[in-house]
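To start, the structure itself, in C-alpha coordinates.
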Amino acid sequence: MMDSSKRIPPSRYYESTLEWINHTQNENRLHTLYPEIPIPSVMKEEEWQLLVDKPRFSNKAFVADIPDGRVLGDRAVISPDNVLLWDVSVEWAKLAPEHSIFQDTMLPPVIETDKTVAMLNHPASKNYYHWLMESIARIHLLQLTGIPIDKYIINHQSFPFQLKTLAACGIPMEKIVRPNDRFHLSARRLIVPSYVNLPNAWSCQYVRNTFLPYMASDTMGLTFERIYIRRKHYRKIVNEDAIFGLLSQCGFISIELEALPLEQQIRLFYNAKIIVAAHGAGLANLVFCQPETHVIELFPPSFMEPHYWMLSRLMGLDYHMIVGTRENPNNFWSGFDNLSIDPRRLLEVLSCL
(Lines give C-alpha, C1' and ligand atoms only; values in the text may rest on other atoms or scores of the structure.)
Protein backbone atom coordinates (compact mmCIF):
# COMPACT_ATOMS: atom_id res chain seq x y z
CA MET A 1 0.00 0.00 0.00
CA MET A 2 1.31 3.43 -0.90
CA ASP A 3 2.57 5.57 1.97
CA SER A 4 0.77 8.89 1.39
CA SER A 5 3.04 10.68 3.86
CA LYS A 6 5.87 10.37 1.33
CA ARG A 7 3.98 12.70 -0.99
CA ILE A 8 4.34 15.56 1.48
CA PRO A 9 7.30 17.74 0.39
CA PRO A 10 10.16 18.35 2.82
CA SER A 11 9.92 21.62 4.71
CA ARG A 12 13.55 21.78 5.78
CA TYR A 13 16.99 20.62 4.72
CA TYR A 14 20.23 19.20 6.00
CA GLU A 15 23.11 21.31 4.68
CA SER A 16 25.01 18.08 4.08
CA THR A 17 24.47 14.35 4.12
CA LEU A 18 27.03 14.20 6.90
CA GLU A 19 24.71 16.37 9.01
CA TRP A 20 21.96 13.76 8.52
CA ILE A 21 24.41 11.01 9.50
CA ASN A 22 25.34 12.83 12.70
CA HIS A 23 21.79 13.88 13.56
CA THR A 24 20.41 10.34 13.22
CA GLN A 25 23.53 8.61 14.64
CA ASN A 26 23.89 6.50 11.50
CA GLU A 27 27.69 6.53 11.42
CA ASN A 28 27.71 2.85 10.41
CA ARG A 29 26.03 3.86 7.14
CA LEU A 30 28.83 6.18 6.10
CA HIS A 31 31.82 5.10 4.00
CA THR A 32 34.48 7.81 4.36
CA LEU A 33 36.85 7.39 1.41
CA TYR A 34 39.03 10.48 0.87
CA PRO A 35 39.71 13.55 3.04
CA GLU A 36 39.45 17.13 1.86
CA ILE A 37 42.38 17.78 -0.48
CA PRO A 38 43.98 21.23 -0.92
CA ILE A 39 44.12 22.65 -4.42
CA PRO A 40 47.51 22.81 -6.20
CA SER A 41 49.95 25.55 -5.29
CA VAL A 42 49.95 28.77 -7.30
CA MET A 43 53.13 29.04 -9.37
CA LYS A 44 52.53 32.33 -11.19
CA GLU A 45 51.16 35.58 -9.83
CA GLU A 46 48.53 35.80 -12.58
CA GLU A 47 46.96 32.53 -11.45
CA TRP A 48 45.61 34.09 -8.27
CA GLN A 49 42.84 35.76 -10.26
CA LEU A 50 41.43 32.29 -10.99
CA LEU A 51 40.93 31.67 -7.28
CA VAL A 52 38.93 34.74 -6.25
CA ASP A 53 35.99 33.51 -4.15
CA LYS A 54 36.75 29.90 -5.11
CA PRO A 55 37.12 26.92 -2.72
CA ARG A 56 40.65 25.96 -1.73
CA PHE A 57 39.86 22.30 -0.98
CA SER A 58 38.13 19.52 -2.85
CA ASN A 59 35.22 18.00 -0.94
CA LYS A 60 35.59 15.18 1.52
CA ALA A 61 34.62 12.06 -0.46
CA PHE A 62 32.14 9.59 1.00
CA VAL A 63 29.29 7.25 0.18
CA ALA A 64 26.12 7.23 2.30
CA ASP A 65 23.94 4.11 2.58
CA ILE A 66 20.47 5.56 3.25
CA PRO A 67 17.65 3.22 4.30
CA ASP A 68 14.33 4.16 2.68
CA GLY A 69 15.99 7.09 0.97
CA ARG A 70 14.09 8.78 -1.82
CA VAL A 71 14.95 10.39 -5.16
CA LEU A 72 12.71 13.00 -6.78
CA GLY A 73 13.31 13.50 -10.51
CA ASP A 74 16.86 14.64 -11.11
CA ARG A 75 16.70 17.37 -8.48
CA ALA A 76 16.39 15.98 -4.95
CA VAL A 77 17.49 13.32 -2.50
CA ILE A 78 15.23 13.00 0.56
CA SER A 79 16.19 11.37 3.85
CA PRO A 80 13.97 8.84 5.68
CA ASP A 81 12.83 11.62 8.03
CA ASN A 82 11.59 13.63 5.00
CA VAL A 83 14.37 16.22 4.94
CA LEU A 84 16.15 17.42 1.79
CA LEU A 85 19.83 16.44 1.61
CA TRP A 86 21.04 19.62 -0.01
CA ASP A 87 24.66 18.75 -0.78
CA VAL A 88 23.52 15.96 -3.14
CA SER A 89 20.46 17.89 -4.41
CA VAL A 90 22.13 21.10 -5.56
CA GLU A 91 20.30 23.30 -8.03
CA TRP A 92 22.80 25.69 -9.56
CA ALA A 93 22.57 29.38 -8.80
CA LYS A 94 20.30 28.65 -5.84
CA LEU A 95 20.93 28.56 -2.11
CA ALA A 96 19.52 25.67 -0.09
CA PRO A 97 16.38 27.55 1.10
CA GLU A 98 15.61 28.39 -2.55
CA HIS A 99 15.46 24.76 -3.69
CA SER A 100 12.47 24.13 -5.95
CA ILE A 101 11.14 21.30 -3.77
CA PHE A 102 10.07 23.87 -1.18
CA GLN A 103 7.68 25.31 -3.77
CA ASP A 104 5.92 21.96 -4.29
CA THR A 105 2.57 21.36 -2.62
CA MET A 106 2.46 17.62 -3.30
CA LEU A 107 5.05 15.20 -4.62
CA PRO A 108 4.27 12.62 -7.34
CA PRO A 109 3.18 9.13 -6.25
CA VAL A 110 6.13 7.19 -4.90
CA ILE A 111 7.43 3.92 -6.33
CA GLU A 112 8.72 1.55 -3.65
CA THR A 113 11.55 -0.88 -4.38
CA ASP A 114 13.43 -3.37 -2.25
CA LYS A 115 16.46 -3.09 -4.51
CA THR A 116 19.76 -1.39 -3.74
CA VAL A 117 19.82 1.76 -5.88
CA ALA A 118 22.69 4.18 -6.50
CA MET A 119 21.99 7.87 -7.20
CA LEU A 120 24.31 9.56 -9.71
CA ASN A 121 22.26 12.54 -10.88
CA HIS A 122 24.15 15.77 -11.54
CA PRO A 123 22.71 19.23 -12.32
CA ALA A 124 25.10 19.64 -15.29
CA SER A 125 25.28 16.06 -16.55
CA LYS A 126 24.97 17.13 -20.20
CA ASN A 127 28.23 19.08 -19.97
CA TYR A 128 31.28 17.04 -21.01
CA TYR A 129 33.53 18.32 -18.22
CA HIS A 130 31.00 17.89 -15.42
CA TRP A 131 30.05 14.46 -16.71
CA LEU A 132 33.61 13.18 -17.07
CA MET A 133 35.31 14.72 -14.06
CA GLU A 134 32.40 14.78 -11.60
CA SER A 135 29.61 12.33 -12.49
CA ILE A 136 31.96 9.57 -13.64
CA ALA A 137 34.37 10.16 -10.75
CA ARG A 138 31.51 9.39 -8.34
CA ILE A 139 31.33 5.87 -9.82
CA HIS A 140 34.82 5.32 -8.45
CA LEU A 141 33.51 6.08 -4.95
CA LEU A 142 30.73 3.54 -5.39
CA GLN A 143 33.20 0.93 -6.57
CA LEU A 144 35.44 1.45 -3.55
CA THR A 145 32.61 0.47 -1.18
CA GLY A 146 32.05 -2.90 -2.86
CA ILE A 147 28.28 -2.53 -2.38
CA PRO A 148 26.44 -4.55 -5.05
CA ILE A 149 24.18 -2.14 -6.96
CA ASP A 150 20.95 -3.33 -8.60
CA LYS A 151 20.03 -0.07 -10.36
CA TYR A 152 21.68 3.28 -11.09
CA ILE A 153 19.66 6.50 -11.32
CA ILE A 154 21.49 8.70 -13.83
CA ASN A 155 20.10 11.75 -15.60
CA HIS A 156 22.04 11.19 -18.81
CA GLN A 157 20.90 12.38 -22.24
CA SER A 158 22.08 9.34 -24.25
CA PHE A 159 24.98 11.33 -25.68
CA PRO A 160 27.56 8.93 -27.17
CA PHE A 161 30.26 10.05 -24.72
CA GLN A 162 27.91 9.30 -21.82
CA LEU A 163 26.99 5.81 -23.03
CA LYS A 164 30.61 4.91 -23.81
CA THR A 165 31.94 6.07 -20.47
CA LEU A 166 29.20 4.30 -18.50
CA ALA A 167 29.97 1.06 -20.36
CA ALA A 168 33.70 1.48 -19.67
CA CYS A 169 32.88 1.81 -15.96
CA GLY A 170 31.05 -1.51 -16.06
CA ILE A 171 27.49 -0.15 -15.83
CA PRO A 172 25.20 -1.94 -18.33
CA MET A 173 22.29 -0.07 -19.88
CA GLU A 174 19.74 -2.48 -18.37
CA LYS A 175 20.74 -1.29 -14.90
CA ILE A 176 20.30 2.42 -15.66
CA VAL A 177 17.16 4.36 -14.77
CA ARG A 178 16.68 7.79 -16.37
CA PRO A 179 14.45 9.91 -14.14
CA ASN A 180 11.78 12.24 -15.52
CA ASP A 181 10.05 15.11 -13.74
CA ARG A 182 7.45 12.78 -12.20
CA PHE A 183 9.98 10.21 -11.02
CA HIS A 184 9.74 9.57 -7.27
CA LEU A 185 11.44 6.46 -5.92
CA SER A 186 11.85 5.09 -2.41
CA ALA A 187 14.59 2.46 -2.18
CA ARG A 188 15.24 -0.02 0.60
CA ARG A 189 18.88 1.05 0.30
CA LEU A 190 19.72 4.28 -1.49
CA ILE A 191 23.47 4.56 -2.08
CA VAL A 192 24.59 8.16 -2.56
CA PRO A 193 28.19 9.20 -3.29
CA SER A 194 29.28 12.74 -2.46
CA TYR A 195 29.64 15.34 -5.20
CA VAL A 196 33.07 16.04 -6.67
CA ASN A 197 33.45 19.81 -6.59
CA LEU A 198 37.00 20.17 -7.98
CA PRO A 199 39.55 18.05 -9.86
CA ASN A 200 41.82 16.15 -7.49
CA ALA A 201 44.41 13.38 -7.64
CA TRP A 202 42.04 10.44 -7.16
CA SER A 203 39.37 11.66 -9.60
CA CYS A 204 41.95 12.41 -12.30
CA GLN A 205 43.65 9.04 -11.93
CA TYR A 206 40.36 7.15 -12.09
CA VAL A 207 39.21 8.93 -15.25
CA ARG A 208 42.59 8.64 -16.95
CA ASN A 209 43.12 4.98 -16.09
CA THR A 210 39.58 4.00 -17.03
CA PHE A 211 39.36 5.71 -20.41
CA LEU A 212 42.91 6.01 -21.75
CA PRO A 213 42.67 2.44 -23.17
CA TYR A 214 39.96 3.79 -25.50
CA MET A 215 42.77 5.46 -27.42
CA ALA A 216 43.77 2.03 -28.74
CA SER A 217 40.33 1.61 -30.35
CA ASP A 218 40.71 4.78 -32.46
CA THR A 219 41.52 3.77 -36.01
CA MET A 220 41.46 7.34 -37.37
CA GLY A 221 44.86 8.13 -35.90
CA LEU A 222 44.50 11.85 -35.06
CA THR A 223 48.00 12.73 -33.88
CA PHE A 224 48.68 16.44 -34.25
CA GLU A 225 51.33 18.00 -32.03
CA ARG A 226 49.89 21.53 -32.05
CA ILE A 227 46.13 21.98 -31.78
CA TYR A 228 43.78 24.91 -31.48
CA ILE A 229 40.34 24.07 -30.08
CA ARG A 230 37.65 25.98 -31.97
CA ARG A 231 34.37 26.69 -30.17
CA LYS A 232 31.10 26.20 -32.02
CA HIS A 233 28.71 28.07 -29.76
CA TYR A 234 29.15 30.66 -26.96
CA ARG A 235 32.42 32.00 -25.53
CA LYS A 236 33.75 32.38 -29.03
CA ILE A 237 36.84 34.36 -30.00
CA VAL A 238 35.53 37.17 -32.19
CA ASN A 239 38.93 37.79 -33.83
CA GLU A 240 39.47 34.08 -34.39
CA ASP A 241 40.55 34.55 -38.02
CA ALA A 242 43.49 36.69 -36.92
CA ILE A 243 44.33 34.38 -34.01
CA PHE A 244 44.24 31.20 -36.05
CA GLY A 245 46.10 32.92 -38.87
CA LEU A 246 48.95 33.42 -36.41
CA LEU A 247 48.64 29.89 -35.03
CA SER A 248 48.56 28.24 -38.44
CA GLN A 249 51.88 29.90 -39.27
CA CYS A 250 53.23 28.17 -36.15
CA GLY A 251 52.03 24.74 -37.31
CA PHE A 252 48.71 24.53 -35.45
CA ILE A 253 45.69 22.56 -36.65
CA SER A 254 42.15 23.79 -35.86
CA ILE A 255 39.89 21.17 -34.23
CA GLU A 256 36.19 21.20 -33.32
CA LEU A 257 35.85 18.65 -30.51
CA GLU A 258 32.05 18.31 -30.74
CA ALA A 259 32.55 16.57 -34.09
CA LEU A 260 34.85 13.89 -32.66
CA PRO A 261 33.97 10.67 -30.82
CA LEU A 262 35.41 10.04 -27.37
CA GLU A 263 38.30 7.83 -28.49
CA GLN A 264 39.51 10.40 -31.03
CA GLN A 265 39.42 13.18 -28.44
CA ILE A 266 41.49 11.05 -26.07
CA ARG A 267 44.08 10.26 -28.75
CA LEU A 268 44.21 13.90 -29.85
CA PHE A 269 45.04 15.20 -26.37
CA TYR A 270 47.37 12.32 -25.53
CA ASN A 271 49.57 13.08 -28.53
CA ALA A 272 49.41 16.89 -28.44
CA LYS A 273 52.46 18.90 -27.42
CA ILE A 274 50.81 22.36 -27.37
CA ILE A 275 47.09 23.08 -26.86
CA VAL A 276 45.48 26.50 -27.27
CA ALA A 277 41.81 26.88 -26.35
CA ALA A 278 39.25 29.21 -24.86
CA HIS A 279 37.92 28.07 -21.51
CA GLY A 280 35.41 25.29 -22.17
CA ALA A 281 34.32 21.74 -21.36
CA GLY A 282 36.50 20.12 -24.02
CA LEU A 283 39.54 20.92 -21.89
CA ALA A 284 38.45 18.10 -19.59
CA ASN A 285 40.52 16.03 -22.02
CA LEU A 286 43.65 17.53 -20.44
CA VAL A 287 43.38 14.59 -18.06
CA PHE A 288 44.64 12.42 -20.95
CA CYS A 289 47.67 14.57 -21.81
CA GLN A 290 51.24 13.46 -21.28
CA PRO A 291 53.30 15.34 -18.67
CA GLU A 292 54.87 18.64 -19.78
CA THR A 293 52.31 19.24 -22.52
CA HIS A 294 51.96 23.02 -22.97
CA VAL A 295 48.49 24.48 -22.38
CA ILE A 296 47.38 28.04 -23.20
CA GLU A 297 43.89 28.78 -21.88
CA LEU A 298 42.07 31.89 -23.11
CA PHE A 299 39.55 33.74 -20.92
CA PRO A 300 37.14 36.65 -21.10
CA PRO A 301 37.77 38.77 -17.98
CA SER A 302 34.15 38.29 -16.94
CA PHE A 303 34.32 34.50 -16.62
CA MET A 304 37.39 32.89 -15.13
CA GLU A 305 37.24 29.42 -13.58
CA PRO A 306 40.18 27.44 -12.16
CA HIS A 307 39.26 23.88 -13.20
CA TYR A 308 41.69 23.47 -16.10
CA TRP A 309 44.50 25.22 -14.25
CA MET A 310 43.97 22.65 -11.49
CA LEU A 311 43.76 19.80 -13.98
CA SER A 312 46.98 20.94 -15.63
CA ARG A 313 48.82 21.14 -12.33
CA LEU A 314 47.58 17.70 -11.25
CA MET A 315 48.66 16.12 -14.54
CA GLY A 316 52.07 17.80 -14.63
CA LEU A 317 51.31 20.06 -17.60
CA ASP A 318 52.90 23.42 -18.43
CA TYR A 319 49.97 25.83 -17.96
CA HIS A 320 49.66 29.39 -19.28
CA MET A 321 46.67 31.74 -19.33
CA ILE A 322 45.73 34.80 -21.37
CA VAL A 323 42.90 37.11 -20.31
CA GLY A 324 41.40 38.83 -23.31
CA THR A 325 38.76 41.52 -23.79
CA ARG A 326 35.08 40.94 -23.08
CA GLU A 327 32.95 41.06 -26.22
CA ASN A 328 29.16 40.94 -26.70
CA PRO A 329 28.33 40.80 -22.96
CA ASN A 330 25.49 38.45 -22.11
CA ASN A 331 22.95 39.72 -19.59
CA PHE A 332 21.88 36.24 -18.52
CA TRP A 333 25.24 34.65 -17.67
CA SER A 334 28.78 35.91 -18.09
CA GLY A 335 29.82 32.41 -19.18
CA PHE A 336 28.13 33.18 -22.50
CA ASP A 337 30.35 36.23 -23.12
CA ASN A 338 32.55 36.20 -26.21
CA LEU A 339 36.13 37.45 -26.13
CA SER A 340 38.92 38.84 -28.24
CA ILE A 341 42.60 38.02 -27.79
CA ASP A 342 45.57 40.27 -28.52
CA PRO A 343 47.65 38.36 -31.14
CA ARG A 344 50.81 39.99 -29.79
CA ARG A 345 50.19 38.56 -26.34
CA LEU A 346 49.55 35.10 -27.77
CA LEU A 347 52.75 35.27 -29.80
CA GLU A 348 54.64 36.37 -26.70
CA VAL A 349 53.45 33.30 -24.75
CA LEU A 350 54.14 30.95 -27.67
CA SER A 351 57.69 32.28 -28.00
CA CYS A 352 58.40 31.23 -24.40
CA LEU A 353 57.44 27.57 -24.92
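The values are calculated or read from the model by the stated rules, or taken from the named source; none is laboratory data. The structure presented is a predicted model; accordingly, all values stated were derived computationally and were not measured. Every residue, glycine as well, gets a Cβ built from its backbone with ideal geometry; the counts of neighbours run over all protein chains shown. Just so you know, the surface numbers come from the protein's heavy atoms only, side chains and all, with ligands and any DNA or RNA stripped out. Shrake-Rupley method; radii C 1.70, N 1.55, O 1.52, S 1.80 Å.
A few points about this structure:
- Boolean, Ala242 is more than 19 Å from Asn127 (Cα to Cα), in contact with a Cys (Cβ under 7 Å, 6 or more places away or on another chain) and among the small types (Gly, Ala, Ser): no
For every residue, the table says whether it meets (1) closer than 16 Å to Thr17 by Cβ; (2) surrounded by fewer than 20 Cβ atoms within 10 Å (Cβ to Cβ); (3) touching a Lys or Arg at 6+ places or on another chain (Cβ under 9 Å).
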{"site": "Phe57", "(1), (2), (3)": "no, yes, no"}
{"site": "Asp65", "(1), (2), (3)": "yes, yes, yes"}
{"site": "Asn82", "(1), (2), (3)": "yes, yes, yes"}
{"site": "Thr113", "(1), (2), (3)": "no, yes, yes"}
{"site": "His140", "(1), (2), (3)": "no, no, no"}
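- Residues (polar (S, T, N, Q), open to solvent by 80 Å² or more (accessible area, probe 1.4 Å) and either in a helix (DSSP H, G or I) or more than 15 Å from Val192 (Cα to Cα) (or both)) located in the stretch 1-44: Ser4, Ser11, Asn22, Gln25, Asn28, Ser41
- Any hit, the stretch 139-157, residues being at positive phi and without any contact (Cβ under 8 Å) to a residue 12 or more places away in the chain: yes
- Test: residue in the stretch 303-314 that is touching a strand residue (DSSP E or B) at 6+ places or on another chain (Cβ under 6 Å), within 25 Å of Leu260 (Cβ to Cβ) and assigned to a strand (DSSP E or B): no
- Number of residues in the stretch 289-298 that are surrounded by fewer than 22 Cβ atoms within 10 Å (Cβ to Cβ) and assigned to a strand (DSSP E or B) equals 2.
- Scope the stretch 240-287; condition over 21 Å from Cys204 (Cα atoms) and assigned to a helix (DSSP H, G or I); matching residues: Glu240, Asp241, Ala242, Ile243, Phe244, Gly245, Leu246, Leu247, Ser248, Gln249, Glu258, Ala259
- Some residue of the stretch 180-202 being of a type outside the set (D, E, K, R), surrounded by 15 or more Cβ atoms within 10 Å (Cβ to Cβ), part of a helix (DSSP H, G or I) and modelled with pLDDT of 95 or more: yes
- Selection within the stretch 149-179 - open to solvent by less than 20 Å² (accessible area, probe 1.4 Å) and out of contact with any Lys or Arg (no Cβ under 9 Å at 6 or more places or on another chain): Thr165, Leu166, Cys169, Ile171
- The residues of the stretch 133-158 that are among the acidic types (Asp, Glu) and closer than 15 Å to His307 by Cβ amount to a single one, Glu134.
- The stretch 299-353 - residue that is farther than 20 Å from Leu51 by Cβ and hydroxyl-bearing (Ser, Thr, Tyr) and, of those, least open to solvent (accessible area, probe 1.4 Å): Ser340
- Take the conditions (1) open to solvent by 10 Å² or more (accessible area, probe 1.4 Å); (2) assigned to a helix (DSSP H, G or I); (3) over 16 Å from His307 (Cβ atoms); His130 misses just one of them, which is (3).
- Answer residue from the stretch 90-103, given it is of a type outside the set (Lys, Arg) and free of Cβ contacts under 8 Å to residues at least 40 places away in the same chain and is farthest from Pro123 (Cα to Cα) among those: Gln103
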